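Colleague: My questions all concern the structure below.
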Protein chains: 2
Amino acid sequence: MNRTKRLLEIIRLIKNNRISSQEELLEMLVKNGYNFTQATLSRDLRLLKAGKISDNEKGYIYMLPGEITDNIFSGENLDDTITRGILSIDYSGNMAVIKTMPGFASGIALRIDGIKAFEILGTIAGDDTILVIAREGISRQALHRVLTTAIPGGVKS
Amino acid sequence: MNRTKRLLEIIRLIKNNRISSQEELLEMLVKNGYNFTQATLSRDLRLLKAGKISDNEKGYIYMLPGEITDNIFSGENLDDTITRGILSIDYSGNMAVIKTMPGFASGIALRIDGIKAFEILGTIAGDDTILVIAREGISRQALHRVLTTAIPGGVKS
DNA sequence: ATCCTAAATGCATATTTATGCATCATGAAT
DNA sequence: ATTCATGATGCATAAATATGCATTTAGGAT
């Protein structure tokens, strides 16, 4: 039983494809070695808060909450600022502690919240420190990958 | 036979309400004097490129392209928001992560601190997130019970 | 007016998604 | 270890949504 892994795969598939039905998505997952039913997939999608939005090519496709708000925070100038604002990322237990330049923490936390990553339960920002709490079962590597994705330009960890 | 007028009414209804099914929407429209069937409504919604997105209260609701981002906060009256301000509670390890509407975290954390529960070591509040750290050995269920007590009527998870 | 065409709609039904219930797995409490 | 509670899942089916086809409607063109 590996629900977390399956959910992450579902996220990946939705992000990288235009999927217009659960049947279609299920087929992909089965092809990738997962074995379960549409009923479970329906529940998975609800967990991920996936929605269906209009698409020119395929009528309607699934999307994840993060994909919508994403571009709001993804201004190029902002990216540079954020990258430079981050001083370090360290891990402890299922948390990451991000040190930033004074005053940058809340802005960067906003950015991290913006991607609405399944792996991240939430963030709390002070003035120059952010605490990122990972969902249970998420590995340090996975968390780190999500964070570096959220913060373009990469980080020297 | 005034499709345009009907479409505008549909837009108005979707913008001002949280509608979770065509049946529900159709009922409203019929009550407003329109007379047609679900089949037509389905076609109307496709025309408007309406989509369905996740909603905390009603599961999934219809939305129109463009007003995607403001859906979470629309239609809330700010009076009973202390409880309504809570969007979700998740658990990881011996912590709970409470997501709130922006700005409400500290107020709600204050309330949680107020009950001085033995089970809770402390809370940290950002702008829209609260981290609740449980005493060692406290089960997730116990923590959840304490929190639901601290926040009457606030949580359904 | 008559005819023609394209859009709009209803009806019946297909397709898609959600869910009640039973079962099995997992982990905590005793 | 045993009992209990909780969560995850499948199965069967309900609920929700989309659609093929026939019919009607609204404008034009003659």
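Read the figures in this text as sums done on the coordinates, not as results from a lab. What you see is a predicted model; the values in this text were computed from it and never measured. Ideal geometry is used to build each Cβ from the backbone, glycine not excepted, and the neighbour counts take in all protein chains shown.
Colleague: Using only atoms on other chains, find how many Cβ atoms lie within 10 Å of each Cβ of peptide B:126-135 and report the average.
Modeller: Details: counts 11, 7, 7, 9, 2, 7, 0, 0, 0, 0.
Mean shielding count: 4.
Colleague: Continuing with this model, one more query. Taking a label point 7 Å from Cα toward Cβ, how far is B:Lys58 from its twins in the other copies, in nm, shortest first?
Modeller: Sorted ascending, the copy-to-copy spacings read 2.7 nm.
Colleague: Once the label point is set 7 Å along the Cα-to-beta-carbon vector, what list of distances in nm do you get between B:Glu23 and its counterparts in the other copies?
Modeller: 2.2
Colleague: Is there a simple number for the mean count of other chain Cβ atoms within 10 Å of the Cβ of residues in A:54-65, and what is it? Before the final figure, lay out each step's value.
Modeller: Numbers: counts 9, 2, 1, 0, 0, 2, 5, 1, 0, 3, 1, 3.
Whole-number average of other-chain Cβ neighbours for A:54-65 is 2.
Colleague: Right, here's the next one. When averaged across all projection directions, what area in nm² does the alpha-carbon convex hull of the stretch B:3-72 cover? Numbers along the way, then the final one.
Modeller: Values: hull surface 17.3 nm².
With every direction weighted equally, the projected area is 4.3 nm².
Colleague: Among the listed pairs A:Lys5/A:Lys99; B:Lys5/B:Lys58; A:Lys15/B:Lys49; A:Lys5/A:Lys52; A:Lys49/B:Lys99; B:Lys5/B:Lys31, which have their C-alpha atoms separated by more than 18 angstrom in this model? Let's see the in-between values first.
Modeller: Numbers: A:Lys5/A:Lys99 29 Å; B:Lys5/B:Lys58 27 Å; A:Lys15/B:Lys49 20 Å; A:Lys5/A:Lys52 22 Å; A:Lys49/B:Lys99 15 Å; B:Lys5/B:Lys31 15 Å.
Pairs exceeding the cut-off: A:Lys5/A:Lys99; B:Lys5/B:Lys58; A:Lys15/B:Lys49; A:Lys5/A:Lys52.
Colleague: Enter the mean number of other protein chain beta carbons within 10 Å of the beta carbon of each residue in B:37-50, as an integer.
Modeller: Working: counts 0, 0, 0, 0, 0, 0, 0, 0, 1, 3, 1, 1, 6, 4.
Per-residue shielding by partner chains comes out at 1.
Colleague: Quick one: if the Förster radius is 30 Å, what FRET efficiency do B:Glu27 and A:Arg43 give, using the C-beta to C-beta distance and rounding to 0.05?
Modeller: 0.60
Colleague: How far is A:Gly114 from the same spot in each other copy, in nm, shortest first, if each label point sits 7 Å from Cα toward Cβ?
Modeller: A:Gly114 label point versus its equivalents elsewhere: 3.5 nm.
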